[in-house]
1. Any of Lys160/Lys352; Lys50/Lys264; Lys203/Lys352; Lys160/Lys370; Lys160/Lys187 with alpha carbons more than 23 Å apart? Name them for me.
2. Compute the accessible area per residue over the chain, keeping the other protein chains in place, probe 1.4 Å, unit Å².
3. Given +1 on the Cβ of Lys and Arg, -1 on the Cβ of Asp and Glu, and no further charges, what dipole in debye does the chain carry about its Cα centre, rounded to the nearest 20?
4. Step through the residues of the range 342-347 one at a time and calculate ³J(HN,Hα) from phi using the Karplus curve (6.51 cos²θ - 1.76 cosθ + 1.60, θ = phi - 60°), rounding each to whole Hz and writing x for Gly and Pro.
5. Tell me, rounded to the nearest percent, the portion of alpha carbon pairs in the chain spaced more than 27 Å apart.
6. Quickly work out the Leu144-to-Tyr262 label distance, labels modelled 7 Å from Cα along the C-beta direction, and quote it in nm with one decimal.
7. If you put +1 on each Lys and Arg Cβ and -1 on each Asp and Glu Cβ, how big is the dipole of the range 195-288 around its Cα centre, in Debye rounded to 20?
8. For labels at Tyr113 and Asp83 in the simple 7 Å Cα→Cβ model, what's the distance in nm?
Amino acid sequence: MIGSYSPLRVGIVQRVLTTYRRPFFERLASYPDITLSVFAGDPQPDEGVKTEDTLDGAELFHAINHHWTTPVGLLCWQSGLVDWLQAFDPQLLVLEASPRLLSHWLALVWMRYKRRPVIGWGLGELERSGPVMIQRARQRFSWLFVRSLDVMIAYSSKAKNDYIRAGVPADRIFVAFNSVDHTESEKYLALLGNDLTWVRPWKESLGFDPTLPIVLFVGRLVPQKRVDLLIEACAPLFDRCQLLVVGDGPLRDALEFQSLPYGKRILFTGHQSGEALARSFIASDVFVLPGAGGLAIHQAMSYGKPVIVSFGDGTELDLVREGQNGFFFRVGDASDLTTKLGLLLRDPDRIKQMGQTSLSIVRSEINLNKMADLFLQAFDYVLRSPGERTC
């Protein structure tokens, strides 16, 4: 039982319900002490974000998202919020800790009127571009928001430090490492990973050289992912590897044009899921995330892959152990990425050892079940009276 509530009505507000979040919300909803409702809307048409419109075991209430691009960045107001709050009447509310969601302030006022707790969930402070004064104003607005909440759930250790710097007491911050569901990867590793005789004909069917290792990228093809940098870094190594790019997005045409000089050494598959995506992970040798992101690292590790990453939203600092299951390269430095890739490509045994370390981290330390357990701890903490709280 969570506090004195059973079941506890938990409301979660997200700008959009992404496909990768569905397993987590369904995991939370599976606890017998929780009744879950998620309030989320649609992304902008050009975002290329894969979303869900149903949840098993939980209610999904559709928001109407209104987006505006302003000098301080993208802002959003979600219509229908009060209707949802009144209909579901949450006893505890979890808000995506983003200052761009202006309607959050309305939700906060509603919950304060009811004298009910509000939890923030976020990835801390990200590097922003633009004039210094605008950056500072955006940061202060963000810090004001997180200090208004009862508890923060941070994606990463770096995010926790950001919230402490913003003025949130350390004992009111829980770190629930951002994770994807690895039950699917375990299923496909058991189905496809023990007998790899299919890999050679699979490579040939793609037009790849079956004797060369594959460098893999999975994600949206948008500027912040820096796939252009990955192509540049792989170019000097195409006598030793080939590049598989899984995903879609507005930059696909431009990236395919950039790849023309390298012929069959680069392949763009578009979006993949299920067994098709599993085969891409299992048949590949090294995963690279050249730009922003975090969950794709976790997914690659769940398939037992070494990872090479730059510095992004902070989740990579908990997932990647330098020299043990992967490498970091300097932000925006294609030459440094080439060097780190070369270190792995010349040592197949090290690729296997690092991949096993990645898999061990996911199985024992950072996974969806532990993430859900941390949420429950935060719920229990915030529902206790101040005199009972320990962290």
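The values are calculated or read from the model by the stated rules, or taken from the named source; none is laboratory data. Bear in mind the structure is a predicted one, so any value in this text is a computation, not a measurement. Neighbour counts are summed over all protein chains in view; Cβ atoms, including those assigned to glycine, are modelled from backbone coordinates with ideal geometry. When the accessible area is computed, the model is the full protein with side chains, heavy atoms only, and any ligands, DNA or RNA have been set aside. Shrake-Rupley method; radii C 1.70, N 1.55, O 1.52, S 1.80 Å.
1. Values: Lys160/Lys352 32 Å; Lys50/Lys264 28 Å; Lys203/Lys352 19 Å; Lys160/Lys370 17 Å; Lys160/Lys187 33 Å.
Exceeds cut-off: Lys160/Lys352; Lys50/Lys264; Lys160/Lys187.
2. Working: 17230 Å² over 391 residues.
Computed with neighbouring chains in place, this is 44 Å² per residue.
3. On the way: 42 positive and 43 negative charges, 188 e Å.
About 900 debye.
4. x, 4, 6, 4, 8, 9
5. Values: 39348 of 76245 pairs.
Percentage above 27 Å: 52.
6. Inter-label distance under the simple model: 4.6 nm.
7. Numbers: 10 positive and 11 negative charges, 17 e Å.
Computed charge dipole of the range 195-288: roughly 80 debye.
8. Label-label distance for Tyr113 and Asp83, simple model: 1.8 nm.
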